[in-house]
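> This is the structure I have questions about; it appears just below.
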Ligand SMILES: Nc1ncnc2c1ncn2[C@@H]1O[C@H](COP(=O)(O)OP(=O)(O)O)[C@@H](O)[C@H]1O
Ligand SMILES: [Mg+2]
């Protein structure tokens with residue numbers, strides 16, 4: 001039998017708390033290792049990147065980043081010697097490998113495409129999702145349950161399963177390799193998630209608030225804007241992050257449907273070819289930059305996300 | 001400030017009838033209380049008046065105008081919700097100002113009116129605070145403030161004291177009534193608490209299962225309940241309801257309660273079948289050796305200067321309100337004497353009161 005304890009019965013014992021913490025730390029380390037390795041690779045020189053055994057300690061270099069953003073060409077040593085002295089640090093870095101910068105690479109363009117398509121589709125999915133969720137939550141919609149199930153069912157197989165029909169359809173409609181096409185595609189995939197998540201959040205907001213606004217002289221639309229939306233902020237933020245993560249990271253459709261004009265970063269980064277095959281530091285640098293926005297928004301909204309993911313116990 | 005009239009108001013949710021054919025007139029400036037047990041349709045009635053629910057049939061007139069199908073925003077009625085529904089993302093000041101903003105009231109006037117209402121409700125010190133941290137009483141005041149700031153045609157309040165502690169409720173009860181007397185607006189107040197209703201109302205309407213059973217001043221509803229339900233629901237302890245033998249002819253002045261002939265006010269209505277009920281408030285029965293109905297004391301509940309003596313009789317358990325000076329002990333045999341003029345007779349089958357020389361056609365019977 002245990003002696004007298006000051007601990008509440010609901011509180012886990014210190015040992016189980018410690019064990020839980022240990023598990024979380026181990027899990028975090030395991031998932032962090034690939035990320036750390038990517039960031040480190042981005043800061044290595046090409047020889048260091050493919051050194052065996054792998055180098056954990058090395059002299060950091062920005063070569064990967066320079067290679068990522070530039071197109072270069074190899075020149076004969078005689079030509080290199082005839083050049084005037086380098087005008088910038090990156091010129092110097094490139095010349096060490098007997099190359100000269102011939103212009104910017106396409107990375108910035110691809111990155112901008114990712115931003116346009118990722119944020120555009122997220123905005124659209126969250127916008128449509130909010131309106132639909134509000135409707136489903138508040139009004140008598142004929143066949144409501146069937147419709148909701150139908151919306152959910154669009155998520156029941158991996159979207160890539162319909163790749164071929166979409167590929168053909170997009171070709172006919174002229175949507176292949178366009179920003180609009182990719183925005184619509186990602187919106188389509190995300191909107192079902194958005195409707196379901198947001199319906200949960202809006203269901204949590206008691207109807208009385210809107211009704212109070214209605215009797216206070218506001219129209220339904222005004223009540224939605226001034227009373228419902230501010231309270232759904234948390235849910236909207238959480239939903240937006242989930243949508244953004246999907247659209248930002250999507251690889252298969254991007255590879256299939258885009259090649260030039262609207263190509264996003266994910267299909268572009270792995271094909272950064274350098275001297276003697278893949279330019280690993282440039283790939284590492286590109287991946288690092290690619291991860292930044294998601295990390296930034298997730299950290300920025302982490303409080304909302306936590307509350308968002310654990311919704312159900314939100315208020316009352 | 002206006003009269004509200006409900007004509008044959010009916011509300012069904014699919015097959016379930018929440019409000020059945022309600023007819024009520026709420027006079028201008030009246031403090032009108034809708035009283036009934038939980039689930040009887042009070043909130044639904046109130047929501048129909050506010051325009052938050054569309055009636056299945058019937059009409060709602062506000063100041064003589066038919067507003068049955070007018071949207072809530074255009075009715076100029078204020079609603080105080082059961083859990084107050086203060087906008088959680090706004091501070092107190094903005095909550096109060098919100099109804100004025102929709103009307104396009106100029107900023108300077110909003111400021112003076114918010115200050116005015118805050119002074120009236122003594123919440124000036126709360127204006128800058130978020131509503132999340134407020135106590136129940138303060139939330140209540142803010143909700144009231146948000147209602148009165150607009151000077152609407154009528155106030156609707158849905159169990160506004162239900163969320164408060166018992167001791168605080170009494171205080172707010174008084175404050176509410178005072179506020180009403182000061183502002184003078186037509187008020188429909190919903191509650192399931194008969195004590196609250198009796199304390200505040202000009203007129204009480206008692207509802208059960210979607211039906212308005214009786215509407216009248218508290219004294220009338222208390223003394224002359226129109227149905228068995230009202231008799232049982234109002235008063236604490238409730239009216240004693242004892243089975244009496246029918247049939248009763250019009251003009252009868254006695255009723256037989258388990259063998260005892262009890263004098264009653266002369267009946268106007270007759271009762272063709274056997275199942276009558278004699279209703280007597282505990283304060284209209286006295287313990288007396290001459291009492292015709294006899295029983296033995298089951299127990300005594302002390303309530304200050306009065307006590308409730310519980311007597312088991314052949315007709316059932318009877319509660320008698322008597323002064324503390326009368327000493328009785330459990331098991332003792334006592335007789336019960338009834339104050340004739342205060343007695344009521346009911347038809348057990350229709351559950352309605354029979355008219356007598358004391359009871360005109362009470363309620364809407
Ligand atoms: N929107 C609705 N849909 C279906 N039934 C409802 C709805 N609103 C109320 N009811 C039913 O109508 C009855 C009366 O409800 P209500 O007016 O809220 O009662 P009260 O306020 O007197 O407790 C209840 O039985 C309730 O279940
Ligand atoms: Mg109610």
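The values are calculated or read from the model by the stated rules, or taken from the named source; none is laboratory data. Since the model is a prediction, treat every value here as computed from it, not as a measurement. A quick note on method: Cβ atoms are made from the backbone with ideal geometry, for glycine too, and the neighbour counts reach across all protein chains shown.
> Do the conditions hold for residue B:62, that is, is it within 16 Å of ligand 2 (Cβ to nearest atom), within 14 Å of another protein chain (Cβ to nearest Cβ) and more than 28 Å from residue B:231 (Cα to Cα)?
Answer is no for this residue.
> Turning to a different aspect of this structure: Which of the numbered conditions does residue A:151 fail, given that it passes all the others? Conditions: (1) assigned to a helix (DSSP H, G or I); (2) surrounded by fewer than 21 Cβ atoms within 10 Å (Cβ to Cβ); (3) within 14 Å of chain B (Cβ to nearest Cβ).
Unmet condition: (3).
> Tell me, please, whether a residue that is more than 16 Å from ligand 2 (Cβ to nearest atom) and surrounded by 16 or more Cβ atoms within 10 Å (Cβ to Cβ) can be found in the range B:42-52.
yes
> So which residues in the range B:232-245 are farther than 23 Å from residue B:221 by Cβ and without any contact (Cβ under 8 Å) to a residue 60 or more places away in the chain?
B:245
> Which condition breaks for residue B:57 when tested against (1) surrounded by 17 or more Cβ atoms within 10 Å (Cβ to Cβ); (2) under 25 Å from the mean Cα position of the chain (by Cα); (3) more than 8 Å from chain A (Cβ to nearest Cβ)?
That leaves (1) as the condition not met.
> When you scan the range B:178-235, how many residues do you find that are within 25 Å of residue B:167 (Cβ to Cβ), in a helix (DSSP H, G or I) and within 16 Å of ligand 1 (Cβ to nearest atom)?
The qualifying residues number 4.
> Then there's this: Here is a list: A:274, A:200, A:217. Which entry is farther than 25 Å from residue A:170 by Cα, at pLDDT below 90 and surrounded by 17 or more Cβ atoms within 10 Å (Cβ to Cβ)?
Numbers: A:200 fails: at pLDDT below 90; A:217 fails: at pLDDT below 90.
Matching residue, one of A:274, A:200, A:217: A:274.
> Can I ask one more? If we keep just the residues of the range B:71-111 that are more than 33 Å from the chain's Cα centre (by Cα) and facing chain A (nearest Cβ under 10 Å), which is surrounded by the fewest Cβ atoms within 10 Å (Cβ to Cβ)?
Going through the qualifying residues, I end up with B:104.
> Just wondering, is there one or more residues in the range A:93-107 that are over 16 Å from residue A:279 (Cβ atoms) and assigned to a helix (DSSP H, G or I)?
Taking the range A:93-107 first, the residues over 16 Å from residue A:279 (Cβ atoms) are A:95, A:100, A:103.
Right, trim to assigned to a helix (DSSP H, G or I) and you get A:95.
Checking the range A:93-107: at least one residue is over 16 Å from residue A:279 (Cβ atoms) and assigned to a helix (DSSP H, G or I).
> Follow-up question, since we're still on this one. On the basis of being at pLDDT 90 or above and farther than 24 Å from residue B:229 by Cβ, does residue B:304 make the cut?
On the way: at pLDDT 90 or above: no; farther than 24 Å from residue B:229 by Cβ: yes.
So residue B:304 does not fit the description; no.
> Look at residue B:118 and say whether it is away from every other protein chain (no Cβ under 14 Å), modelled with pLDDT under 95 and not in a loop (DSSP other than H, G, I, E, B). Let's see the steps before the verdict.
Details: away from every other protein chain (no Cβ under 14 Å): yes; modelled with pLDDT under 95: yes; not in a loop (DSSP other than H, G, I, E, B): yes.
So residue B:118 fits the description; yes.
> Return yes when residue B:144 is within 16 Å of ligand 2 (Cβ to nearest atom), within 14 Å of another protein chain (Cβ to nearest Cβ) and touching a helix residue (DSSP H, G or I) at 6+ places or on another chain (Cβ under 8 Å) and no when it is not.
No: the conditions fail for residue B:144.
> Let me ask something else about it. Scan the helices (runs of 4 or more DSSP H) fully inside the range A:174-241 and keep the ones with 1 or more residues being without any contact (Cβ under 8 Å) to a residue 24 or more places away in the chain, out of contact with any helix residue (DSSP H, G or I) (no Cβ under 8 Å at 6 or more places or on another chain) and within 13 Å of chain B (Cβ to nearest Cβ).
Counting at least 1 such residues, we get A:208-215, A:220-223.
> Tell me, which residue of the range B:13-41 that is surrounded by fewer than 16 Cβ atoms within 10 Å (Cβ to Cβ) and near ligand 1 (Cβ under 9 Å from one of its atoms) is farthest from the other protein chains (Cβ to nearest Cβ)?
Checked the range B:13-41; the qualifying residue farthest from the other protein chains (Cβ to nearest Cβ) is B:37.
> Okay, next question. From B:249, B:263, B:238, grab the single residue that is over 30 Å from residue B:34 (Cβ atoms) and in contact with a helix residue (DSSP H, G or I) (Cβ under 6 Å, 6 or more places away or on another chain).
Every option except B:263 fails the conditions.
> Report whether or not residue B:35 is within 16 Å of ligand 2 (Cβ to nearest atom) and in contact (Cβ under 8 Å) with a residue 12 or more places away in the chain.
Numbers: within 16 Å of ligand 2 (Cβ to nearest atom): yes; in contact (Cβ under 8 Å) with a residue 12 or more places away in the chain: yes.
Yes: the conditions hold for residue B:35.
> Which strands (runs of 3 or more DSSP E) does the range B:254-365 wholly contain that include 3 or more residues that are surrounded by fewer than 15 Cβ atoms within 10 Å (Cβ to Cβ)?
The strands (runs of 3 or more DSSP E) meeting that bar are B:293-303, B:316-323.
> Now, a different point. All but one of (1) over 17 Å from residue A:304 (Cα atoms); (2) surrounded by fewer than 20 Cβ atoms within 10 Å (Cβ to Cβ) hold for residue A:230; which doesn't?
So the condition that residue A:230 fails would be (1).
> Residue check: is residue B:56 closer than 25 Å to residue B:213 by Cβ and within 16 Å of ligand 2 (Cβ to nearest atom)?
no
> Does the range B:160-174 contain at least one residue that is more than 16 Å from ligand 1 (Cβ to nearest atom), within 12 Å of another protein chain (Cβ to nearest Cβ) and in a helix (DSSP H, G or I)? Show your work before the answer.
Restricting attention to the range B:160-174, the residues satisfying the condition of being more than 16 Å from ligand 1 (Cβ to nearest atom) are B:164-174.
Retained after the next criterion (residues that are within 12 Å of another protein chain (Cβ to nearest Cβ)): none.
Scanning the range B:160-174, I find no residue that is more than 16 Å from ligand 1 (Cβ to nearest atom), within 12 Å of another protein chain (Cβ to nearest Cβ) and in a helix (DSSP H, G or I), so the answer is no.
> What is the number of the single condition among (1) out of contact with any strand residue (DSSP E or B) (no Cβ under 9 Å at 6 or more places or on another chain); (2) within 16 Å of ligand 2 (Cβ to nearest atom); (3) touching a residue at least 40 places away in the same chain (Cβ under 8 Å); (4) farther than 24 Å from residue B:199 by Cβ that residue B:86 does not meet?
(2)
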